[in-house]
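Below is one structure, written out as structure tokens, with a few remarks after it.
The values are calculated or read from the model by the stated rules, or taken from the named source; none is laboratory data. Since we're looking at a predicted model, the values are computed, not measured. Quick reminder, even Gly has a Cβ in these numbers, built from the backbone with ideal geometry, and neighbours come from all protein chains shown. We work out accessible area using only protein heavy atoms, side chains counted, and drop any ligands, DNA or RNA first. Shrake-Rupley method; radii C 1.70, N 1.55, O 1.52, S 1.80 Å.
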Amino acid sequence: MKKIMMMAVTALMATTGAYAQFEKGKWSLQPYAGGVVSSITNVGSYDLDDGTELKKKMAVGYIIGGEAEYQFARKFSVAAGLNYTTQGCGWDDFSYWEDGVRVKIKNQRDNLGYIKIPIVANYYIFKGFAVKAGVQFGYMVRSKFCAHGTADMDILGDGVIREVDLYGTVDVTDQYKRFDFSIPVGISYQFKVPVTIDARYQIGLTRLNKLTYDGVKNSRNSVFTLTVGYKFKL
């Protein structure tokens, strides 16, 4: 039994060990998916009529896409991709009374969806590990303000107070510019499988808001992505 366990551990280590990047002059394709944590810079808190301050929060989303990579040299490659990313920012939850009904509002966020084309250069510092930087072009295809809430009310008229779910969306396309340009920087590690873990921060360079008003001046996207992909030769 001990010998079998040692063989299994050895096989697992061989599987998850670092994988040498693809050969010079070769193409590879990598579909990937992962999570997104984002915010919008220069968009601050806002105040309710009663003076309550609602602070800005990070938004959580997802990313799905793929990229093709060409290995120019043993340690240098260039990759171009296409992906769909959900991002934006959120605000604190709050509650209020209206006509004797207690209303709770939560999960407020501007939910933005982008089609993006990243072009990045990869430098492999050592086997399987790369640092990367490049340019990225994005086009907004979704822009909604979303909020979820509950209201405590006698909805059936039987004297029993019940919690009723509320949900609403508002189109905010007129508030945002559609084109977005950013600089992606990050690191990646490729296992022998070959599965790749990729972490990137996208530095937004273009102004996001169309209009300027209190709390919003020159806003930009600030986006962090963590993806897992599977790379194979073409």
| remark: Amide H contacts under 5 Å for Phe72, restricted to residues at least 5 apart in sequence or on another chain and with H modeled in the peptide plane, are Gly25, Ser77, Val78
| field | Å² of accessible area per residue within region 49-119, as computed with a 1.4 Å probe and no ligands counted | value | 51
| remark: Per-residue accessible area, 1.4 Å probe, largest first, puts Ile64, Ile105, Ile203, Ile40 in the order Ile64, Ile203, Ile105, Ile40
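Starting from the residue with the highest accessible area, list Val141, Val223 in decreasing order, probe 1.4 Å.
Val141, Val223
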| note | Which of Lys144/Lys231; Lys75/Lys116; Lys26/Lys75; Lys56/Lys132; Lys104/Lys210; Lys75/Lys233 exceed 24 Å between C-alpha atoms? The answer is Lys144/Lys231; Lys75/Lys116; Lys56/Lys132; Lys104/Lys210
| Long-range HN-HN contacts of Gly149 with modeled amide H, under 5 Å | Lys106, Leu166, Tyr167
| So for the pair Phe191, Phe232, with labels modelled 7 Å out along Cα→Cβ, what separation do we get in nm? | 1.8
